[in-house]
Amino acid sequence: MLDWKFIKYQKEEKRRDSSSHKHFKSQELSKSIVREFTQNSLDAHEEYPVKISVSTKKISYEKFKPYIETLLPHLNACDIDIEDLKLDNNEVEFLILEDFNTSGLEGNNCENFFYKDNITDKSNTYKSGGSHGIGKINFYQASKIKTFFGFSIFNKDEGLITILKGTSGLRTHKIEGDEYREDGTLDLSQNKENKFFKNLFERETNQKGLSIAIPFIEENNLETIKDHFLKEFYYPISNNKLVIKIKDENIYKDNILYYINIPKIELLLEYIKSNKDSYDEDINPNDKEFKLTNEKSIVKDIKNKQHVSINFNIDIYSKQNSQSKKGELTLLIMRNKKEQKKERFDFWRGNLLISEAAKRNFETDKYFVITIIEDENLQEFLKNLEDPGHITWEYSNPDPRVKKIYKYIPNTVNCITTLPIKIINLIKQQDIELDDNFFSDYFPDISNKGSKSPEGNSQKKEKQDIPLINHNPKFKFRESRKNNGFIISLSENLEERPSKVTILAAYGTNNGDPFKNYDEKDFNFKDNIDIKIKNGKQLYKYFNEVTCEIKNQNFKISLYNFDPDRELKIKIEEDI
């Protein structure tokens, strides 16, 4: 019998339960899992792009039972009853996460590092900072039985090492008078012919990397997980450092816009494709007055060019010697022609989005701003200041160990996080008028613009005559009044059948393009619109846009539950 091991408390030993989960309360569970696993994989890269595979698999409970049989008493002692968990056809559903092109989970104390809460082999030196060793709590929390299985293959002097373990993060509990600690492990490393886990994982036995299987998953919505990958890691995907496979879909640099077509990513791709020519500016975090040597040129470019990028060289002061190091960051600023929805400023430390970088993140409706920090000196400095969830920099009252290394910590971080708003304020002071041709390649504006009369008074904008559906002879459209929606199918006798179709919807507006004025509060394809597809397959769904593969001539898609009191506009785009 496979034996789960929990350590008993000694009589005088202090009891404690982990409070690690409190660091991740503000994040959605699936988002925390995506961030934790992907961050670790990117850190452990051996070559780019790192490849991450995500899937769900169902295994019969009878096949899985031998692996948790000796765990059941501990689960029952923590009020977790397997019988109370919903089993679909007596099957257990697993969330599977795997990475490739990585070194695997390695280290001097690899087993404890990954499988024991609050232990990290990086704690002996604070140089690497930011690694609190508690992010794995998310994998426990994702399981209804607070348990997951890890499979790591990595190199050591003696060759490839394989570790396969089960790990459980429960709470202090009592069985027949004995008290046990919260952490339990099941060692499966010696069981090399383990067919059960071979069926779960894609990884070959000689393929370095890390695989995780989470049974009895709390959330199994792969669409939601895909959205988190796109929003939390769009920079490394765009920069060809990360490829995501979700079921049979691969998301990578060349098709990311197919999945999340937002201006910020279009512009980031344009920046990456260019030679990354940037203005260079030196900045001292202790200077009270903010000045740019290239201010006039930067202001001119933000008006007339597609984007402007500025490299800032910033001083990082050490307490260990009198000299400062230079760190570098790039500020990418883009004008938002729509000027509708407010956008937060994104801060990227390496491949990780620090969503609450300043704890008080600014936002604007006129500009997209991305801060990219790839410089090693600056990354090391900021990583040491990150909270366990890696979403903010704790610089007001940093860890005492960090205070011993750096001077002027609050000034330096505040300087970095306020750079975007300082630049934007400089631009506003120049009172720049928006150029109508600005970004026309990215955001074609088909609205009727108000023209000026000879006296200089702007004429009133007329309501656009945008049809209910844009003309596309390859598709037939009919309303469904009964279900408050519409149905789209292929026209008859087509010489060439499209392979895909993208459908956009928006409510009509008095002024401007309704598709640009779309507000997710109106409706959301993910939440409150019913979509039914025949002879086709949904490839992508995002707010007011859905893309489908067309399998044959009898393709049909129906969308229902729109507001019957509002005028609906439809746009169809097809691919051969």
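Semi-axes of the equivalent ellipsoid of segment 199-280 are 30, 17, 11 Å, computed as sqrt(5λ) over the eigenvalues of the C-alpha gyration tensor in descending order.
Per residue, the Cα convex hull of segment 130-250 amounts to 181 Å³. Divided by 2.2 N^0.38 Å, where N counts the residues, the Cα radius of gyration of segment 131-186 comes to 1.43.
Report note on the peptides 475-485, 533-543: ranked by the mean count of other C-beta atoms within 10 Å, highest first, their order is 533-543, 475-485. Working ranking of peptides 3-10, 54-61 by packing, defined as the average number of other Cβ atoms within 10 Å per residue, highest first, is 54-61, 3-10. Heavy atoms of the protein chains alone define the surface here; on that basis segment 523-576 has 50 Å² accessible area per residue at 1.4 Å probe size. So which GluC sites (Glu not before Pro) in segment 249-301 end up in coil per DSSP with only 12 or fewer other C-beta atoms within 10 Å? Listed in order of number, the matching sites are E289.
Report the GluC sites (Glu not before Pro) located in segment 198-236 that are in a DSSP loop and have at most 11 other Cβ atoms inside 10 Å of their Cβ, or state none. Taking segment 198-236 and a limit of 11 other Cβ atoms within 10 Å, the loop GluC sites (Glu not before Pro) found are E204.
Share of carbon and sulfur in the accessible area of segment 270-331 stands at 39%, probe radius 1.4 Å. The radius of gyration of the Cα set in segment 183-337, together with its Dmax, comes out at 23.1, 68 angstrom.
Listed values for segment 549-558 are Karplus-derived 3J(HN,Hα) couplings in whole Hz (6.51 cos²θ - 1.76 cosθ + 1.60, θ = phi - 60°), namely 7, 9, 8, 7, 5, 8, 4, 8, 10, 10, and x replaces Gly and Pro.
The values are calculated or read from the model by the stated rules, or taken from the named source; none is laboratory data. Keep in mind the model is a prediction, meaning the values are calculated, not measured. Backbone-built Cβ (ideal geometry, glycine too); neighbour counts: all protein chains shown. In case anyone asks, the SASA skips ligands and DNA or RNA and just uses the protein heavy atoms, side chains included. Shrake-Rupley method; radii C 1.70, N 1.55, O 1.52, S 1.80 Å.
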